[in-house]
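S.K.: First the structure, which I've put down as structure tokens, then a few questions once you've had a look.
The values are calculated or read from the model by the stated rules, or taken from the named source; none is laboratory data. Since the model is a prediction, treat every value here as computed from it, not as a measurement. Note: ideal-geometry Cβ built from the backbone for every residue, glycine included; neighbour counts use all protein chains shown. Just the protein is used for accessible areas: all its heavy atoms, side chains included, with ligands, DNA and RNA removed. Shrake-Rupley method; radii C 1.70, N 1.55, O 1.52, S 1.80 Å.
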Amino acid sequence: LGYTLYSQKEKGISIEVEENGTTFEENAFLKANAIYDLTGCAALADDSGLCVDALSGAPGVYSARYAGEPCDDKKNNEKLLKAMDGVENRAAQFVSVICYIDPQGKDHYFRGECPGEVGFEEKGDGGFGYDPLFMVGEKSYAEMTGAEKDAVSHRGRAIRLLADYLGR
């Protein structure tokens, strides 16, 4: 599309933004806006998490720290499995919201979701976080190849929406 994307690390920026929003949109904005304010350049950031129907959307925006600080994928997965013990409705969705702040400082949001279910046990060696528990059909995110996951993932969907917007 003719854009060059840089990570914070590539630009020597090492700030830690407190994610104290109550929605994915708010947290994505906080991160993107911090970079925009610091650099004056267009910026983007995402916030993502797992929303489980039977848990009223939890862990949601608290997905990374569901089992407390410091963040620990193994403890988060253990807590989720315990919370889902005996629960029949295992429907869930991964959500990713990208906030893009354009060169003029206007914020734009792109939301991607992937429906699935919480598995009964961890499956697969790939991915991170809840990937071994999140089932899309017969496979967990952690069992999918990178291409398979990109084709269905919440983040892949949000990125495609952003790319469509930037391509216009």
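S.K.: Under the definition of Cα pairs under 8 Å and six or more residues apart, what whole-number percent is the relative contact order of the chain?
M.R.: It comes to 19 percent, rounded to a whole number.
S.K.: Taking the Cβ-Cβ separation of Ala54 and Ser7 as r and a Förster radius of 22 Å, what is the calculated FRET efficiency to the nearest 0.05? Numbers along the way, then the final one.
M.R.: On the way: r = 36 Å, r/R0 = 1.65.
The pair Ala54/Ser7 has a calculated efficiency of 0.05.
S.K.: Quick check on the chain: helices-only [θ] at 222 nm, where DSSP H runs of length 4 and up contribute -39,500 (n - 2.57) each and the sum goes over total residues. Nearest 500, please. Walk me through the numbers before you get to the answer.
M.R.: Values: 4 runs with 48 residues, N = 168.
That comes out to -9000 deg cm²/dmol.
S.K.: I'd like the carbon and sulfur percentage of the solvent accessible area for the range 25-168, probe radius 1.4 Å, heavy atoms only, ligands and nucleic acids excluded.
M.R.: 53
S.K.: Taking just the alpha-carbon atoms of the range 107-168, what radius of gyration and Dmax come out, in angstrom?
M.R.: Considering the range 107-168 through its Cα atoms, Rg and Dmax are 13.1, 43 Å.
S.K.: Count the net charge of all other residues whose Cβ sits under 14 Å from the Cβ of Asn76, scoring Lys and Arg as +1 and Asp and Glu as -1.
M.R.: That sum, taken over residues with Cβ under 14 Å, equals -1.
S.K.: Among Tyr100, Leu133, Pro115, whose Cα sits farthest toward the positive end of the charge dipole of the range 75-168 (+1 at Cβ of Lys/Arg, -1 at Cβ of Asp/Glu, about the Cα centre)?
M.R.: So the residue we want is Tyr100.
S.K.: Which residue, chosen from His154, Ala43, Ala67, occupies the Cα position most advanced towards the positive end of the dipole of the range 34-168, where the dipole is computed from +1 (Lys, Arg) and -1 (Asp, Glu) charges on Cβ about the Cα centre?
M.R.: Ala43
S.K.: Moving on to the next point. How far is helix 73-83 tilted off the main Cα axis of the chain, in degrees rounded to 10, range 0 to 90?
M.R.: Tilt of helix 73-83: around 50 degrees.
S.K.: Top mean-square fluctuation among Ala83, Ala34, Ala91, Gaussian network model of the chain, C-alpha springs under 10 Å?
M.R.: Ala83
S.K.: For the range 37-99, run through the trypsin sites (Lys or Arg not before Pro) and keep only the ones in DSSP coil with at most 16 other Cβ atoms within 10 Å of their Cβ.
M.R.: Arg90
S.K.: Between Arg65 and Arg168, what FRET efficiency follows from the Cβ-Cβ distance if R0 is 30 Å, with the result rounded to 0.05?
M.R.: 0.25
S.K.: Also: Of Ala58, Ala163, Gly2, which is farthest on the positive side of the dipole of the chain, counting Cα position, with +1 on Lys and Arg Cβ, -1 on Asp and Glu Cβ, and the Cα centre as origin?
M.R.: Gly2
S.K.: Using only the Cα atoms of the chain, each taken as one equal point scatterer with no solvent, compute I(q) by the Debye sum, divide by I(0), and report log10 of the ratio at q = 0.21 Å⁻¹.
M.R.: Listed by q, the Debye log ratios stand at -1.40.
S.K.: Report, in listed order, any pair from Lys31/Lys74; Lys9/Lys82; Lys79/Lys123; Lys82/Lys149; Lys79/Lys139 with a Cα-Cα distance greater than 28 Å. Mind dumping the intermediate values first?
M.R.: Details: Lys31/Lys74 25 Å; Lys9/Lys82 37 Å; Lys79/Lys123 16 Å; Lys82/Lys149 26 Å; Lys79/Lys139 21 Å.
As for pairs spanning more than 28 Å Cα to Cα, those are Lys9/Lys82.
S.K.: Same structure, new question: Quote the charge dipole size of the range 24-156 about the Cα centre in Debye, to the nearest 20; the model charges only the Cβ of Lys and Arg (+1) and of Asp and Glu (-1).
M.R.: Details: 13 positive and 24 negative charges, 30 e Å.
For the range 24-156, the charge dipole is close to 140 debye.
S.K.: Now, a different point. From the backbone phi of the range 38-46, what are the Karplus-calculated ³J(HN,Hα) couplings (6.51 cos²θ - 1.76 cosθ + 1.60, θ = phi - 60°) in whole Hz, Gly and Pro given as x?
M.R.: 6, 9, x, 9, 3, 8, 9, 8, 10
S.K.: Per residue, how large is the accessible surface of the chain? Use a 1.4 angstrom probe and give square angstrom.
M.R.: 58
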